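The values are calculated or read from the model by the stated rules, or taken from the named source; none is laboratory data. Keep in mind the model is a prediction, meaning the values are calculated, not measured. Heads up, the Cβs are rebuilt from the backbone with ideal geometry, glycines too, and the neighbour counts pull from every protein chain shown. For the accessible areas, the whole protein counts, side chains as well, though only heavy atoms, and no ligand, DNA or RNA atoms are used. Shrake-Rupley method; radii C 1.70, N 1.55, O 1.52, S 1.80 Å.
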Amino acid sequence: MSVIYGLWGLIGAALALPASIYLLFPPKLRKREEWTEAAEVAKLAPKTPTELVFRHNRVDGWKITSERTTAWALKVSDTEVIALAPQCTHLGCAYHWDDGKRQFLCPCHTSTFSPEGKVLSGPAPRPLDRYEVRIEQGKLLLGKVVESESAE
Amino acid sequence: MMRIVRHVTGWIEHRTGLETAIRNFLYEEVPASSGWRHIFGSVAMFLFMLQAFTGILLAFNYAPTPGEAYNSLRYIVTEVAGGRLIRNLHHWGASMMIVVVALHMAQVFLFGAYKKPREATWMAGVALLLLTLAYGLTGYLLPWDNRAYWGTVVTVQIASKAPFLGPYLSRLLGGEGAIGVVTFARFYGMHVLLLPPVTTMMIIAHVYLVRKHGIAPAPGDETKPMKKFYPEQVYKDTVAIFAAFVILFAMAVAVHVPLERLADPTDTTYVPRPDWYFLFLFQTLKFFEGPLEIVGSIVLPTLAILALVLVPFLDRGRVRRVTQRYAAFGVVFLALLGWAGLTAAAIATTPKTAAVEIDFSAPTEWLQLSPEEMAGIGYFRKENCSSCHAVGDGGAKIGPDLANTAIRKSAAWMIAHFKRPATLVPGSMMPPIQLSDSQLNALAAFLLKLTPQNASALQAAPTFAVEGALIYQANRCGACHLVNGVGMKVGPPLNGTFRHRNKAWLARHFREPQAMSPGTIMPRYPFTPSDMEKICSYLLSLPD
């Protein structure tokens, strides 16, 4: 009987729809635009990336956790600093600075990046992601990470 | 195409016998008189599966520890997309399940369907009723708000007073000393790990027995030919399930499930009450005092359960038409009357809002506002500002969006503008606002607080708090008292008043301050009853 199938179909839809929204849609965003002080610009070595470790607050479901995180900062000038997010854009491994070759190297699948984060070789699909950066009274402030555009 | 389908179904049938099994299930023979009265079991089964479904979804976003349970539930209800609906479905589904299980039992009881050889089916059903109640009892604690905490304190205390078993039960429930992490873990473990498989097995046993003995025939059925379960009875079951689902869904959408203050063991003003289906037990308890208390808490409930289990052995008369089962109708009628009477008495004797309950499942940003800013919300509403101005909701209106930072102005500018709009904004169509300077100050203070992020949350401030703040401002309470960091410290700060005072105390204190705190310099404030209610509710809502 089609009525039986129809009613069960309606019940199924009325449950599947909210359940999918519940599981697949992002939760309402709590406003949290925080700028974290990471270093003093004057103390950054020019032209060579410096690893900065700082604490920032992250919204994690129902919690806001304060966690340690890293940024690779490159001082271009006293008024311009590039801050790179510490994960390789390929599969998220932590990369490090190879001082001899003056490039970043990801140990997982040997992607290499320039000091500005451009892909030099390897499977990384796009340049390294950057933090939003502000410089106020000689202090380097970092905001959220902005995903980089994939290279053309 | 059809050939492939037939091939696949043929393969499955040959390897598993699934088709035959479904066929046997659907074409089960049922008595000619079966019909609408037999829907309740199916509806109860459906509700059980629905509870499992919504329960699993809730568990995906829920942290079962006293430290985080409340926050994660608040997150589900206020932030997760569709979270409130899922939680409400689970909440009202539980209540509905109790109702349907009771109806199922009443039907079987009235028709005497428990008679030989169906005694075991009945007893399995009683076990399922108790399991359903156990879900209610254990699930009640999981939101870890005041209601949950205090309700469970009472439950565990009752269990610990059982003769001989008391200390063991108390230890089993982790309630030795006080309710805390252990009790919480036990209750959660029971609710999601122990009860579901036990219930599933019990349902299987129950349905197996129903199938083994068949639906109980009514007198007269023996002469008529049997019917098939499908399609007629399946159709009726489906319609009933659908109707139950529509009611439940409508309740989940429309009937609000509040979330109270975080569980607070030091809250001395809270009036604990169990969920509605346990209120009759709660009321029964009040009739027995002192050493007789266990009569109400343990003996009577145990006897009642025993009587339920033994129903098939107490009533051994021959099968009769339902219309002739006067005694059964009498029992159901009396039980219903007793239950309704006790429940009504429990509701009637519940003190009205001894403490103010704030709904923490709604935005509560307003709790942080100063009284002046809260009063500003009051003037904002009274002056109908939102008929011309959008407030962060992007609606196209005549005036500018007040939550928009682009039009942010100083308080002085705003007040001048309120008085003579066109002088500051040439061509403005805004009418002048006829309020006193201090009232305009409050309005400006509120508008300065608005941002696109908090606009809707602040707009949601409950009326009692806004009106209370208006009275607070009008009587210049802030000249002596401190609220949310604003005001003076001549009198005691008023945040956290709910911890040590209740409404009755506050009301008397307003009328005769000397009687309540001898030596106080606070003047008398003989408010009208409705103003008294508002100001007291507001003061009791102030957070720590």
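Per-structure values
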item: Computed [θ] at 222 nm, deg cm²/dmol, the protein assembly as shown (DSSP H ≥ 4; -39,500 (n - 2.57); rounded to nearest 500); result: -15000 deg cm²/dmol
item: Diffusion coefficient, µm² s⁻¹, Stokes-Einstein with Kirkwood Rh over alpha-carbon pairs of chain B at 25 °C and 0.890 mPa s; result: 87 µm²/s
item: Whole-percent carbon and sulfur share, accessible surface of the range A:36-146, 1.4 Å; result: 50 percent
item: Simple label model, 7 Å out from Cα along Cβ direction - residue B:234 to residue B:424, nm; result: 7.2 nm
item: With all protein chains modelled, accessible area of residue B:23 [1.4 Å, Å²]; result: 120 Å²
item: Candidate lysines for bridging to residue B:382, where Cα separation is under 29 Å - those fewer than 8 sequence places away on the same chain excluded; result: B:352, B:397, B:409, B:419, B:449, B:503, B:534
item: Two-site label geometry, residue A:16 and residue A:132: point separation in nm, points 7 Å out along Cα→Cβ; result: 3.9 nm
item: 19 Å Cα-Cα reach of residue A:28 towards lysines, excluding residues that sit fewer than 8 places from it in its own chain; result: A:63, A:144
item: Cα principal axis extents for the range B:365-541, largest first, Å; result: 58, 28, 27
item: Solvent-accessible area, 1.4 Å probe, carbon plus sulfur percent, for the range B:447-544; result: 58 percent
item: Principal semi-axes in Å for the range A:1-130 [√(5λ), Cα gyration tensor, largest first]; result: 45, 21, 11
item: Stretchable slack from residue B:456 to residue B:409, in nm (0.36 nm times residue separation minus alpha-carbon distance); result: 14.9 nm
item: DSSP bridge orientation in the range A:5-143 - percent antiparallel, rounded to nearest 5; result: 95 percent
item: Rounded Å value of the spacing that divides the Cα centres of the range B:264-285 and the range B:165-235; result: 26 Å
item: Largest-first ordering by accessible area, 1.4 Å probe, given options A:37, B:79; result: A:37, B:79
item: Shielding by partners, peptide B:118-127 (average Cβ within 10 angstrom, other chains); result: 0
item: Evaluated over the range B:165-288, the Cα radius of gyration and Dmax, each in Å; result: 22.5, 68
item: Nearest-ten-degree value, helix B:234-254 long axis tilted from longest Cα axis of chain B; result: 10 degrees
item: Kirkwood hydrodynamic radius over Cα pairs of the range B:34-149, then Stokes diffusion coefficient at 37 °C and 0.692 mPa s, in µm²/s; result: 208 µm²/s
item: Heavy atoms of residue B:343 accessible to a 1.4 Å probe, total area in Å² rounded to 10; result: 10 Å²
item: Extension gain from residue B:253 to residue B:59, taking 0.36 nm per residue of separation minus the Cα-Cα distance; result: 67.8 nm
item: Cα centre as origin, Lys/Arg/Asp/Glu Cβ charges: chain A dipole, Debye; result: 320 debye
item: Accessible area (Å², per residue) of the protein assembly as shown, counting only protein heavy atoms and a probe of 1.4 Å; result: 53 Å²
item: q = 0.06, 0.07, 0.10, 0.11 Å⁻¹, the protein assembly as shown: log10 I(q)/I(0) [Debye, one scatterer per Cα]; result: -0.56, -0.74, -1.18, -1.26
item: Residue A:34 versus residue B:323: modelled label distance in nm, points set 7 Å from Cα along the beta carbon direction; result: 7.5 nm
item: Stokes-Einstein translational diffusion, the range B:256-329 - Kirkwood Rh over all Cα pairs, 1.567 mPa s, 4 °C, in µm²/s; result: 79 µm²/s
item: Residue A:131 accessible area, 1.4 Å probe, all protein chains in place, Å² to nearest 10; result: 20 Å²
item: 3J(HN,Hα) from dihedral phi, the range B:527-536, Karplus parametrisation 6.51/-1.76/1.60, rounded to Hz, x for glycine, proline; result: 5, 5, x, 6, 5, 4, 4, 5, 5, 5
item: Calculated FRET value between residue B:316 and residue B:500, using beta carbons and R₀ = 51 Å, to 0.05; result: 0.25
item: By accessible area with a 1.4 Å probe, ligands and nucleic acids excluded, highest first: order of A:108, B:385; result: A:108, B:385
item: Cβ-based charge dipole, the range A:36-146, positive-most Cα from A:109, A:71, A:135; result: A:109
item: Under 16 Å from the Cα of residue B:286 - lysines, other chains or at least 8 residues apart; result: B:161
item: Relative contact order [Cα under 8 Å, 6+ residues apart], the range A:36-146, whole percent; result: 24 percent
item: Solvent exposure ordering (accessible area, 1.4 Å, most first) of B:524, B:261; result: B:524, B:261
item: Estimated buried accessible area (total), pair A and B, 1.4 Å, Å² to nearest 100; result: 2500 Å²
item: Across the protein assembly as shown: Cys residues that no other cysteine approaches within a C-beta distance under 4.7 Å; result: B:385, B:388, B:477, B:480, B:536
item: Gain on full stretching of the segment that runs from residue B:226 to residue B:52 - 0.36 nm per residue minus C-alpha separation; result: 59.2 nm
